[in-house]
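Report on one structure; see the data block that follows.
The values are calculated or read from the model by the stated rules, or taken from the named source; none is laboratory data. The shown structure was predicted, so the numbers you read here are calculated from the model rather than taken from an experiment. Glycine also receives a Cβ, built like all others from the backbone with ideal geometry; neighbour counts cover every protein chain displayed.
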């Protein structure tokens, strides 16, 4: 059995990686992994409707400068959103 593990940012234990998503106000999604030991949440990302559209567009874009520019824009917008919610 191939199990993906992650190290909890709170307790430091290795725990199976299970991705979960909470829906917040204004159509914002908080994606995180939950530690099975301490039940702490380790944030993966925050996305809103605009970021999800950009992610979809990025998936359908061929590798190159345009895809790289989309990735940079997505990361920048995710950082701003994360600052607002943490």
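Assorted remarks:
- In segment 39-86, residue nearest to residue 9 (Cα to Cα) [restricted to those that are part of a loop (DSSP other than H, G, I, E, B) and within 16 Å of the chain's Cα centre (by Cα)]: 40
Per-residue answers, yes or no, for (1) at pLDDT below 90; (2) under 27 Å from residue 73 (Cα atoms):
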| site | (1), (2) |
| --- | --- |
| 1 | yes, no |
| 9 | yes, yes |
| 20 | no, yes |
| 47 | no, yes |
| 52 | no, yes |
| 56 | no, yes |
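- Residue tally, condition within 16 Å of residue 85 (Cβ to Cβ) and touching a strand residue (DSSP E or B) at 6+ places or on another chain (Cβ under 6 Å), over segment 29-49: 11
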